[in-house]
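Below is one structure, written out as structure tokens; the observations come after it.
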Amino acid sequence: MRVIAFYLAAVNIIGFALFGMDKRRAVRQAWRIKESTLFIIAIIGGSVGCMIGMHVFRHKTKHMKFVIGMPLILILQMTAVGIVMAMRMR
């Protein structure tokens with residue numbers, strides 16, 4: 001369980017940081033982080049950090065694929081965890 005908790009903490013911190021870095025780069029009109037990279041981080045477990053980063057940095061909050069996509073990824077992840085937990089209780 002500790003390994004999973006460490007992994008989730010790390011990937012969420014990375015997701016949060018990537019949104020901050022991308023926002024800074026957007027303001028400076030510098031090279032940007034690919035949107036696919038932001039979604040991949042969310043998919044591999046960093047959806048909460050990405051969503052917090054979106055709101056803290058006010059980044060990608062007008063892009064519907066992020067406004068809808070990030071919460072949808074979180075809902076799917078929570079559903080998957082619930083299914084796995086229910087199956088383990090049998």
Those residues of the range 20-52 that are among the small types (Gly, Ala, Ser) and either over 21 Å from residue 10 (Cβ atoms) or more than 8 Å from the chain's Cα centre (by Cα) (or both) come to a total of 4
All but one of (1) of a type in the set (A, V, I, L, M); (2) touching a Lys or Arg at 6+ places or on another chain (Cβ under 9 Å); (3) modelled with pLDDT under 95 hold for residue 85; state the number of the condition that does not hold. (2)
Taking residue 30, is it hydrophobic (A, V, I, L, M, F, W, C) and outside any helix (DSSP H, G or I)? yes
Which of the residues that make up the range 72-90 are more than 17 Å from residue 11 (Cβ to Cβ) and open to solvent by less than 50 Å² (accessible area, probe 1.4 Å)? 82
Would you confirm whether any residue within the range 54-61 is open to solvent by less than 30 Å² (accessible area, probe 1.4 Å), in contact (Cβ under 8 Å) with a residue 40 or more places away in the chain and under 26 Å from residue 81 (Cβ atoms)? yes
Which of the residues belonging to the range 20-42 are surrounded by 15 or more Cβ atoms within 10 Å (Cβ to Cβ) and either in contact with an Asp or Glu (Cβ under 6 Å, 6 or more places away or on another chain) or under 25 Å from residue 81 (Cα atoms) (or both)? 33, 38, 39, 41, 42
Test residue 20 against the criterion of being farther than 15 Å from residue 61 by Cβ, in contact with a helix residue (DSSP H, G or I) (Cβ under 8 Å, 6 or more places away or on another chain), at pLDDT 95 or above and not aromatic (Phe, Trp, Tyr), and give yes or no. no
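The values are calculated or read from the model by the stated rules, or taken from the named source; none is laboratory data. Remember, it's a predicted structure, so these values are computed and weren't measured experimentally. Note that each Cβ is placed from the backbone with ideal geometry, even for glycine, and that neighbours are counted across all protein chains shown. Remember, those area values only see protein heavy atoms, side chains included, never the ligands or the DNA or RNA. Shrake-Rupley method; radii C 1.70, N 1.55, O 1.52, S 1.80 Å.
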